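Some notes on the structure that comes next.
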Amino acid sequence: MVAAHPDDPDFGVAGTVARLSRDGHVVHYLMLTSGDAGSEDPTIPPDELVRVREAEQEAAARILGLSGVTFLRYADGELQPTLELRKAIVRVMRTIQADVILCQDPRSLVDEDNTYLNHPDHRAAGQAALDAAFPAAGNPSAFRDLLAEGLKAHKVKEVWLYFTAGQHVNHWVDITETIDQKIEALAAHASQIGEWAASGELRREMLKWAEDTATRHTLDFKYAEGFQRIVLASEQERTPEAAAIEAQAEE
Ligand SMILES: [Zn+2]
């Protein structure tokens with residue numbers, strides 16, 4: 001999972017990653033910034049925000065049962081989808097041999113209610129993650145100096161876009177059993193949403209969001225997270241699950 005800021009993934013994918021972890025998959029978070037612009041108080045030093053927000057993200061990851069979190073510490077608010085960032089992401093993808101990448105949808109500019117402009121870091125993070133996933137992570141001729149670091153090319157099999165517009169969503173994960181973990185993980189980001197969590201409002205909104213996702217698509221479970229799931233693997237490597245997704249999309 002690649003994200004711009006601490007707490008982004010816990011809004012977008014926490015129920016899903018908790019479930020994947022529970023099912024025995026190894027899930028790792030890669031944070032591109034550490035959220036050093038995430039305060040209305042400019043007298044708090046960036047270093048202090050980094051310390052607090054990384055600790056909060058680590059705590060959330062423990063609640064979700066993840067294998068760990070890597071922080072690249074790019075400047076919050078200044079993220080650009082550069083070749084340098086792409087390479088840094090490829091390095092992590094190859095190191096952990098990531099098969100499935102979850103990342104923010106770089107196409108999202110405005111939400112469907114026209115009440116929210118997507119953060120430019122989210123778009124940059126999504127673009128850089130997609131460009132790292134394909135073709136660079138799996139191409140031995142891309143970033144050849146990584147080979148000298150012992151990082152062989154590794155082909156990513158699937159990409160799941162989150163914070164994606166409804167018309168693109170083609171895959172839903174049942175998070176009914178993990179939504180409490182999601183809410184608890186979000187509450188770990190006390191510097192950002194402490195009051196919201198304490199008032200109970202966070203819980204109500206997260207339950208409503210996940211329930212709306214499930215009812216809008218008449219799913220047969222109560223709470224869902226939705227993704228645009230893209231299968232990159234070749235025909236021979238394709239899992240039965242991925243083939244089913246494709247068949248569903250063709251209908
Ligand atoms: Zn964010």
Count of residues meeting criterion [over 28 Å from residue 184 (Cα atoms), open to solvent by 70 Å² or more (accessible area, probe 1.4 Å) and either away from the ligand (no atom under 16 Å from the Cβ) or of a type in the set (A, V, I, L, M) (or both)] in the stretch 63-106: 5
Residues of the stretch 26-38 satisfying the condition of being within 16 Å of the ligand (Cβ to nearest atom), buried (at least 17 other Cβ atoms within 10 Å of the Cβ) and assigned to a loop (DSSP other than H, G, I, E, B): 34, 35, 36, 38
Residue match in the stretch 140-149 (condition: under 16 Å from the mean Cα position of the chain (by Cα) and within 26 Å of residue 94 (Cα to Cα)): no
Verdict on residue 139 being modelled with pLDDT under 95 and either over 16 Å from residue 5 (Cα atoms) or crowded, with 18+ Cβ neighbours inside 10 Å (or both): no
Residue that is nearest to the ligand (Cβ to nearest atom), among those in the stretch 107-127 that are crowded, with 21+ Cβ neighbours inside 10 Å and of a type in the set (A, V, I, L, M): 125
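So that you can scan it fast, the table gives a plain yes or no per residue for (1) farther than 19 Å from residue 159 by Cβ; (2) in contact with a strand residue (DSSP E or B) (Cβ under 8 Å, 6 or more places away or on another chain):
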site	(1), (2)
106	no, no
115	yes, no
128	no, yes
131	no, no
The stretch 8-25, residues that are open to solvent by 20 Å² or more (accessible area, probe 1.4 Å) and either part of a strand (DSSP E or B) or not basic (Lys, Arg) (or both): 11, 20, 21, 23, 24, 25
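Out of curiosity, is residue 191 of a type in the set (Ser, Thr, Tyr) and surrounded by fewer than 15 Cβ atoms within 10 Å (Cβ to Cβ)?
No.
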Any hit, the stretch 13-25, residues being within 15 Å of the ligand (Cβ to nearest atom) and closer than 27 Å to residue 136 by Cβ: yes
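If we only count helices (runs of 4 or more DSSP H) wholly inside the stretch 143-246, which ones have 2 or more residues that are small (Gly, Ala, Ser), modelled with pLDDT under 95 and out of contact with any His (no Cβ under 7 Å at 6 or more places or on another chain)?
On the way: elements: 145-148, 179-187, 190-198, 201-216.
Where helices (runs of 4 or more DSSP H) fall fully within the stretch 143-246 and carry at least 2 residues being small (Gly, Ala, Ser), modelled with pLDDT under 95 and out of contact with any His (no Cβ under 7 Å at 6 or more places or on another chain), they are 190-198.
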Residue match in the stretch 60-76 (condition: in a loop (DSSP other than H, G, I, E, B) and among the hydroxyl-bearing types (Ser, Thr, Tyr)): yes
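The values are calculated or read from the model by the stated rules, or taken from the named source; none is laboratory data. Being a predicted model, the structure only gives us computed values, none of them experimental. Glycine also receives a Cβ, built like all others from the backbone with ideal geometry; neighbour counts cover every protein chain displayed. Protein only, heavy atoms only, side chains kept; ligands, DNA and RNA dropped before computing areas. Shrake-Rupley method; radii C 1.70, N 1.55, O 1.52, S 1.80 Å.
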